[in-house]
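All remarks here apply to the structure that follows.
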Amino acid sequence: MTTKQRPIGIGMSSHMGLGAAAILAICALPVLAQAPAGIPGVLAPGVVPELVQEGFTFTEGPVGTADGGLFFSDIRANRVHHLDPAGKISVVRESTNGANGLALTRRGELVFAEGGGKRITERGKDGTISTLTEGIPGMALMAPNDLIVDAKGGIYFTDPGPFPPVPGRQAFVYYLPAGAKVPVIIDGQNPLPNGLVLTNDGKTLIVNNTLGTVLWAFDVKTDGTVANKREFATLRGTPEGKPSGADGIAIDRDDRIYVTSVVGVQVFGANGAYLGTIGVPRQPANVAFAGPGKQTLYITAREGLYRVNMLSKGPDRLGK
């Protein structure tokens, strides 16, 4: 594995899929350096992310495996990679239709949010790709971005649409019940939903907004739909008049939330209180806990994959 590091490139949010030059100027912002004091209970003083490997095109969608490995996508290269527990990286899927977010079912199948394919798909044990949903009849998906599987096998996913956003175009957050082909719209009032995560008890869904700074929380009902939308936390450090770049979200065993943004990986307590920011050499796109004991935080950041040894641990469940 190489440790050579390329110059930091101009940042773009992961939902842009295969092209979005219009956003280059507004997202070309520096990331903050990690404070030497660290983050109590999260990151030891002086610990910073290290490069695992670079040479990718636009890394995204990290999700940890049961054996301590990691899957992650390279959107523009149309590939999904696997990092095994020994550190070897291999390609596990080509021609992914711009697959962005990844998730794992309880049976271990890999699920893809295909931004270019405008669908949610699943890879079977034999490698066959099957379509789980293409949207609601008469209302096809635009460019699904991120997703997470709940304990019942249902899938929450965001569909912000292709970038740049068109004024007045509505974006959606969906829930696809287990075994269903048609998803249910659970939120249509978020201008650009991107990352999302479930709390450890599965009772709260948290969704961000790439353009704004607010993270939204929803109560999850027994049928998978949601209620009681409310503000959960506010991202810090976004320059005035610029997008926050809020992207992927991870959660740890203590329900602390990790959100990628233009200034790094921002960490919030279970009550929404801001705890600190982990600086990354490139603008981060997504995060996931993996490795032994789920105590390594992997960060996809443009051309590179990074990792950082944490004090905190990932959730005691498969995937994110």
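The values are calculated or read from the model by the stated rules, or taken from the named source; none is laboratory data. The model shown is predicted, which means the values in this text are computed figures rather than measured ones. With ideal geometry, Cβ positions are generated from the backbone for all residues, glycine too; neighbour counts draw on all protein chains shown.
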Evaluation of residue 138 against (1) within 24 Å of residue 94 (Cα to Cα); (2) surrounded by fewer than 14 Cβ atoms within 10 Å (Cβ to Cβ) (one fails), failing number: (1)
All positions within region 50-105 that are among the basic types (Lys, Arg) and not in a strand (DSSP E or B): 76, 88
Only one of 178, 151 that is part of a loop (DSSP other than H, G, I, E, B), under 20 Å from the mean Cα position of the chain (by Cα), more than 22 Å from residue 116 (Cα to Cα) and modelled with pLDDT of 95 or more: 151
Options 239, 162: the member that is in a loop (DSSP other than H, G, I, E, B), modelled with pLDDT under 95 and within 19 Å of residue 274 (Cβ to Cβ): 239
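Yes/no matrix, rows are residues, columns are (1) more than 22 Å from residue 197 (Cβ to Cβ); (2) touching a residue at least 12 places away in the same chain (Cβ under 8 Å); (3) surrounded by 13 or more Cβ atoms within 10 Å (Cβ to Cβ):
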site: 41; (1), (2), (3): no, yes, yes
site: 52; (1), (2), (3): yes, yes, yes
site: 68; (1), (2), (3): no, yes, yes
site: 85; (1), (2), (3): yes, yes, yes
site: 91; (1), (2), (3): yes, yes, no
The listed residue being among the basic types (Lys, Arg) and on the phi > 0 side of the Ramachandran plot, out of 152, 118, 125: 118
One residue from 121, 96 being in contact with a strand residue (DSSP E or B) (Cβ under 9 Å, 6 or more places away or on another chain), within 23 Å of residue 150 (Cβ to Cβ) and among the polar types (S, T, N, Q): 121
Residue 108 surrounded by fewer than 14 Cβ atoms within 10 Å (Cβ to Cβ) and outside any strand (DSSP E or B): yes
Qualifying residue in region 237-253 (condition: of a type in the set (Val, Ile, Thr), farther than 21 Å from residue 307 by Cβ and touching a Gly at 6+ places or on another chain (Cβ under 9 Å)): yes
Qualifying position, being assigned to a loop (DSSP other than H, G, I, E, B) and modelled with pLDDT of 95 or more, among 233, 250, 217, 246: 246
Looking only at region 110-148, and only at residues there that are among the β-branched types (Val, Ile, Thr) and farther than 21 Å from residue 246 by Cα, the one that is nearest to the chain's Cα centre (by Cα): 111
Long-range neighbours under 8 Å by Cβ, at least six apart or interchain, first residue farther than 19 Å from residue 294 by Cα within region 71-82, second assigned to a strand (DSSP E or B) and basic (Lys, Arg): 73/79; 79/93; 80/93
The listed residue being aliphatic (A, V, I, L, M) and modelled with pLDDT under 95, out of 25, 77: 25
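Conditions (1) buried (at least 20 other Cβ atoms within 10 Å of the Cβ); (2) basic (Lys, Arg); (3) at positive phi; (4) not in a loop (DSSP other than H, G, I, E, B), marked per residue:
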residue: 255; (1), (2), (3), (4): no, no, yes, no
residue: 259; (1), (2), (3), (4): yes, no, no, yes
residue: 266; (1), (2), (3), (4): yes, no, no, yes
residue: 271; (1), (2), (3), (4): no, no, no, no
residue: 275; (1), (2), (3), (4): no, no, no, yes
residue: 281; (1), (2), (3), (4): yes, no, no, no
residue: 287; (1), (2), (3), (4): yes, no, no, yes
residue: 293; (1), (2), (3), (4): no, no, yes, yes
residue: 297; (1), (2), (3), (4): yes, no, no, yes
